[in-house]
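Colleague: Before I ask anything, let me first share the structure, which is written out below as structure tokens.
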Amino acid sequence: MPSALCFLALASLVASSPVPDAALPGARQAADAPTVRALDVNWTRDGLITGVSGALWITSEAFLKNQLAPNTCRWCDRSPDGQDALNGVDRWGRGMAGKTEAGRKTWDTWSNVTGFGVLPVGVLGAQYLLASGSGASARYYAEDAMTIVETAAVAALANQVVKFAVGRERPFVHVLPEDQKGLGHNPSDNNLSFYSGHTSLAFSLVAAAGTVSGMRGYRNNWLIWAVGVPAAASVGLMRMGADKHYLTDVLVGAAAGTVFGVGVPLLLHGRAASDNGGPAPQSGMSMRMSGNPGGVMLSGQF
């Protein structure tokens, strides 16, 4: 959670950092100014993709899980004679699970708070600060936010389809006696271990924000990756601490989220055809004060 909150702090420093005096005189300022590029965003198309994907994900999770989720595991990590056949990597990874039920519930709670609250807010907030720090207009940030949310919705829906189809037994269920596996408070969730949805969502948000920032040409866009990847990884570790996922579930979730996070912006939101590589048109007027006596420069685009 602290690593996710660092998004706002680091991006705020970038946005508020003073402009060096040497960068202000005419030609030097134009050469050093960040080039903010226009991207292809179609609000009708992207709104439909986001809305349909999000609606299907939420509906399948909140209302149809009992009907769609497998009642028994299809991937059980057991041999035909019923012996434990869990692979060595996941067996080792289970050592990260909480040792008590209370500890596992705590990790579960924090993974939900971080994965569905802190991280999305941190990513969108950092994107805004990086955009504004590079001189991008509010319209560009709105397009960025749409692309990030669109990517997350598509990644979440894809994860849901895979989880329902694969039907891998969750770690905490795997160790229970057969006659106790259906007695939990949410048995429809017992066989949805592969792959980790929290981890996929976290990495899709970070990768989408990092990819869009790079495509725009925002100043210091590397901060999204530098802070975001460890923050997203922490979500996966929390899911393992909660004993909800194996290590392979988390690794595949991280890979899938990254693929969607990079792929959706590149495939759907390439540079706009009208963009010739120069600075994107910005509305408004800006004034900067030079450190030289009487050095005031007024610049703007209308």
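Rundown of residues vs (1) at pLDDT below 95; (2) open to solvent by 100 Å² or more (accessible area, probe 1.4 Å), yes/no style:
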position: Asp243; (1), (2): no, no
position: Thr248; (1), (2): no, no
position: Asn276; (1), (2): yes, yes
position: Gly284; (1), (2): yes, no
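Colleague: Looking at segment 101-115 only, could you name the residues that are open to solvent by 50 Å² or more (accessible area, probe 1.4 Å), out of contact with any Asp or Glu (no Cβ under 8 Å at 6 or more places or on another chain), farther than 14 Å from Gly236 by Cβ and at pLDDT 95 or above?
Modeller: Selection gives Ala102, Lys105, Thr106, Thr109, Val113.
Colleague: Okay, next question. Check whether at least one residue in segment 61-70 is on the phi < 0 side of the Ramachandran plot, hydrophobic (A, V, I, L, M, F, W, C) and part of a helix (DSSP H, G or I), and report yes or no. Step through it out loud before you land on a result.
Modeller: Residues of segment 61-70 that are on the phi < 0 side of the Ramachandran plot, as a first pass: 61-70.
Narrowing further to those that are hydrophobic (A, V, I, L, M, F, W, C): 62-64, 68-69.
Those left that are additionally part of a helix (DSSP H, G or I): 62, 68.
Scanning segment 61-70 turns up at least one residue that is on the phi < 0 side of the Ramachandran plot, hydrophobic (A, V, I, L, M, F, W, C) and part of a helix (DSSP H, G or I).
Colleague: I've got another one for you. Return the only residue of Val173, Val121, Val154 being in contact with a Leu (Cβ under 9 Å, 6 or more places away or on another chain) and over 14 Å from Arg239 (Cα atoms). Steps first, answer last, please.
Modeller: Details: Val173 fails: in contact with a Leu (Cβ under 9 Å, 6 or more places away or on another chain); Val154 fails: in contact with a Leu (Cβ under 9 Å, 6 or more places away or on another chain).
Of Val173, Val121, Val154, the one residue that is in contact with a Leu (Cβ under 9 Å, 6 or more places away or on another chain) and over 14 Å from Arg239 (Cα atoms) is Val121.
Colleague: Looking at Gly184, Gly214, which is the one that is part of a loop (DSSP other than H, G, I, E, B) and either surrounded by fewer than 24 Cβ atoms within 10 Å (Cβ to Cβ) or of a type in the set (D, E, K, R) (or both)?
Modeller: Values: Gly214 fails: part of a loop (DSSP other than H, G, I, E, B).
Being part of a loop (DSSP other than H, G, I, E, B) and either surrounded by fewer than 24 Cβ atoms within 10 Å (Cβ to Cβ) or of a type in the set (D, E, K, R) (or both) holds for just one of Gly184, Gly214, which is Gly184.
Colleague: On to the next question. Among the candidates Val41, Val52, Val89, Val14, single out the residue that is under 23 Å from Ala232 (Cβ atoms) and modelled with pLDDT of 95 or more.
Modeller: On inspection, the qualifying residue turns out to be Val89.
The values are calculated or read from the model by the stated rules, or taken from the named source; none is laboratory data. These figures come from a predicted structure and were not determined experimentally. Glycine gets a Cβ as well: all are built from the backbone with ideal geometry, and neighbour counts include every protein chain shown. SASA here: full protein model, heavy atoms, side chains in, ligands and nucleic acids out. Shrake-Rupley method; radii C 1.70, N 1.55, O 1.52, S 1.80 Å.
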